[in-house]
Amino acid sequence: MKDTSANTGAKKAAGEAAAELVKSGMVVGLGTGSTVAWTIRRLGERVREEGLDFLGVATSFQAENLAIDSGIRLTSLNSHPLLDLAIDGADEVDGDLFVIKGGGAAHTREKVVSCSAKRFVIAADESKYVQKLTWPVPVEVLPFALRLVERRLVELGGRPVLRLGKMKDGPVITDNGNFVVDVSFGVIENPAALAARIDPIAGVVEHGIFDNLDELFLARAVGVERIGRKRG
Ligand code: 5RP
């Protein structure tokens, strides 16, 4: 669905800048995707070079494998239910810091991990920062409930498309064993209201609208800008 090869330099700059937030003794949520992969690699360097001593909680098999390869010690959310910090990437972020995530089909665990953290930070290149959200909202769906969920999403004005695998016939299966539908709503004028209407649909495991971002590390041409949350 998404092209992760674009804007590599900016993703690296934002991801590595966010890695500097991690201090020894912290428990840190490690997000999924090509931007936060730079965070994870940089954290591995800091472990080796500075003796940085922290525990990570992975949001996906991708993040877990990369953290292990980078020499980061991992723990589980059940062992450490309160995280100091979570760092992740995004598909889109608007001016009020509403976020769409799930381009990598990891948004359910990403939401659980970010909601477990005292502080939630996203690293992104400038292409992700938009005036209004338009990215199709990823919705993780219990396979058994696919048709019902699709019908309800159409009733909300959405156009759901079942996400298909690459190098695998049939649908993408998430790390939790579910399907993902990508739902176009055009311009999303009120992300909070839309999220509140998707939440109660039976069979929806989680959707990719996030309202809990505290700070955006945004890679601009002149450097990484930090944009904090303004709404209450
Ligand atoms: C995975 C996500 C990713 O964080 C999001 O898709 C951004 O990925 P990338 O940094 O590769 O552009 O939400 O579910």
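Laid out as a table, the results:
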quantity: Qualifying position, being away from the ligand (no atom under 16 Å from the Cβ), among the aliphatic types (A, V, I, L, M) and assigned by TED's automatic domain parsing to the domain that holds residue 109, among 22, 36, 28, 57; calculated: 22
quantity: Segment 93-113: number of residues that are over 10 Å from the mean Cα position of the chain (by Cα) and within 11 Å of the ligand (Cβ to nearest atom); calculated: 1
quantity: Answer residue from segment 198-225, given it is among the charged types (D, E, K, R) and either in contact (Cβ under 8 Å) with a residue 60 or more places away in the chain or within 16 Å of the ligand (Cβ to nearest atom) (or both) and is nearest to residue 19 (Cα to Cα) among those; calculated: 215
quantity: Helices (runs of 4 or more DSSP H) contained in segment 60-162 and holding at least 1 residues closer than 22 Å to residue 199 by Cβ and in contact (Cβ under 8 Å) with a residue 12 or more places away in the chain; calculated: 107-115, 146-155
quantity: Qualifying residues in segment 166-193 (those that are out of contact with any strand residue (DSSP E or B) (no Cβ under 6 Å at 6 or more places or on another chain) and outside any loop (DSSP other than H, G, I, E, B)) - the one surrounded by the fewest Cβ atoms within 10 Å (Cβ to Cβ); calculated: 193
quantity: Members of segment 114-126 found to be more than 9 Å from the ligand (Cβ to nearest atom) and either closer than 26 Å to residue 161 by Cα or under 9 Å from the mean Cα position of the chain (by Cα) (or both), listed by number; calculated: 114
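The values are calculated or read from the model by the stated rules, or taken from the named source; none is laboratory data. Fair warning: this is a prediction, and the values are worked out from it, not measured in the lab. Here Cβ is always computed from backbone atoms with ideal geometry, including for glycine, and neighbour counts include all displayed protein chains.
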